[in-house]
Amino acid sequence: MNDITQNQDRTNRGAEPLYRERAVQQPQYQQAVQMNTASGVPCPHCGTINEPDALFCASCGNAIGTTTCPYCGAAVDADADFCESCRHYIRKDVCSFCGAHLHGAEAYCPECGNPIGGIVCPVCRTHNDFSFCKQCGTPLTEEARLLKEKVLEMPEYQQMQRLADEIQKLDQQIPYVTEQDRERDRKSQELRQRVLMLLAQDRGLDRVDANLADHKIMSKDEYDKKKQERMEMLSRLLDQMAQLPQTKPAQVRNYAMACKPQGVRLAWECNFKHALHSSPCGCAKPQMGGKWIVLGKGTRKEIKDDI
């Protein structure tokens, strides 16, 4: 036997115990993997098997578990900051106004200076945990006021508000159904014109302040068509301004509330559960994004947290 053959024979004999050890360990390893797979929690985002009590995926970092609301005990997602059951803000380590990190014992946010306990709206007296009033939409912080001023200058917002004003004006009109309705409206406008003229003459004026020239009663078909056109145009603009996912929930809430046009009935459709909320302030995970949608009058769509 030559030297090369002898060396290979010694190597093979030395490796046999190692192979036998690995052969014994292989079923044990497979059994451990199977047990971990059976008891572990698969990540819904990437499929990685995590520890049974893990709240966030060790691979991709997304939330995979649930925790309980400290106020009512309801189950909430691990990365949710708001309980949709009792409507409380539940994160003690994140400022609800700006999203800054907190240690949990602060009375005021060290980043934005707002009170951790919330702000009472000076207009409607509603208690709020966020930068805009969930009831009337009033900006409650200096940052919110500056953001609202910035949004008001956007051409897209100005167009949305004009459409909202037109829809609100249409809602105040009553279209005619019959020719009798049309004639009744014409006589009513003539009477109003005469009354206003007499009042103007009593004040020594030679003209009527109220402008009635733009008044035009429409048929129900004309009314419905015009309103539907305005509603569709507004819906398209709202779609264009839909909120994309963000890291901080506060960013989505603040920008969405600043972009909300006034004068029409809207609801916030979240990307979390595709539920309808009165505003993003009622959504547990607004960081996933969402958009405003037009409800109009008599809608049967249910708002999850209507206030």
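The values are calculated or read from the model by the stated rules, or taken from the named source; none is laboratory data. Keep in mind that what you see is a predicted model, and the values were worked out from it rather than measured. Cβ sites come from the backbone with ideal geometry, for glycine too, and all protein chains shown count toward neighbours. Note: accessible area is taken over every heavy atom of the protein model, side chains too, but ligands, DNA and RNA are not part of it. Shrake-Rupley method; radii C 1.70, N 1.55, O 1.52, S 1.80 Å.
Among the residues examined, Arg236 qualifies as over 30 Å from Cys109 (Cα atoms) and surrounded by fewer than 18 Cβ atoms within 10 Å (Cβ to Cβ). Only residues that are open to solvent by 70 Å² or more (accessible area, probe 1.4 Å) and either touching a residue at least 60 places away in the same chain (Cβ under 8 Å) or farther than 16 Å from Met160 by Cβ (or both) were counted across the stretch 214-232, and they come to 9.
Remark: pairs (first residue in the stretch 36-47, outside any loop (DSSP other than H, G, I, E, B) and small (Gly, Ala, Ser); second residue modelled with pLDDT of 80 or more and open to solvent by less than 70 Å² (accessible area, probe 1.4 Å); Cβ separation under 8 Å; 6+ apart in sequence or on different chains) are absent. Residue check: Tyr223 meets all listed conditions (1) at pLDDT below 95; (2) in a loop (DSSP other than H, G, I, E, B) but one, namely (2).
In the set (1) open to solvent by less than 50 Å² (accessible area, probe 1.4 Å); (2) under 23 Å from Phe97 (Cβ atoms), Met160 fails one condition alone, (2).
Being open to solvent by 30 Å² or more (accessible area, probe 1.4 Å), touching an Asp or Glu at 6+ places or on another chain (Cβ under 9 Å) and part of a loop (DSSP other than H, G, I, E, B) is true for just one of Gly104, Gly99. Which residue is that? So that I can check it myself, show each step before the final result.
Working: Gly99 fails: open to solvent by 30 Å² or more (accessible area, probe 1.4 Å).
Testing whether each residue is open to solvent by 30 Å² or more (accessible area, probe 1.4 Å), touching an Asp or Glu at 6+ places or on another chain (Cβ under 9 Å) and part of a loop (DSSP other than H, G, I, E, B) leaves just Gly104.
Mind telling me which of the residues Val252, Val264 ends up being β-branched (Val, Ile, Thr), modelled with pLDDT of 90 or more, assigned to a loop (DSSP other than H, G, I, E, B) and under 20 Å from the mean Cα position of the chain (by Cα)? Explain how you work it out, then say what you get.
Working: Val252 fails: assigned to a loop (DSSP other than H, G, I, E, B).
Criteria check complete, one pass: Val264.
Summed over the stretch 146-155, the residues that are surrounded by 13 or more Cβ atoms within 10 Å (Cβ to Cβ) and either of a type in the set (A, V, I, L, M, F, W, C) or over 28 Å from Cys112 (Cα atoms) (or both) give a count of 3.
Results for (1) at pLDDT below 80; (2) surrounded by 14 or more Cβ atoms within 10 Å (Cβ to Cβ), shown as yes or no for each residue.
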residue	(1), (2)
Pro27	yes, no
Ile49	no, yes
Cys57	no, yes
Thr67	no, yes
Pro70	no, no
Phe82	no, yes
Pro110	no, no
Asn114	no, yes
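Please specify each residue of the stretch 169-189 satisfying the condition of being open to solvent by less than 80 Å² (accessible area, probe 1.4 Å) and either over 25 Å from Val264 (Cβ atoms) or in a helix (DSSP H, G or I) (or both).
Step one: list which residues in the stretch 169-189 are open to solvent by less than 80 Å² (accessible area, probe 1.4 Å), which gives 170-171, 173, 175-176, 178, 181, 183, 185, 188-189.
Within the stretch 169-189, Leu170, Asp171, Thr178, Asp181, Glu183, Asp185, Ser188, Gln189 meet the criteria.
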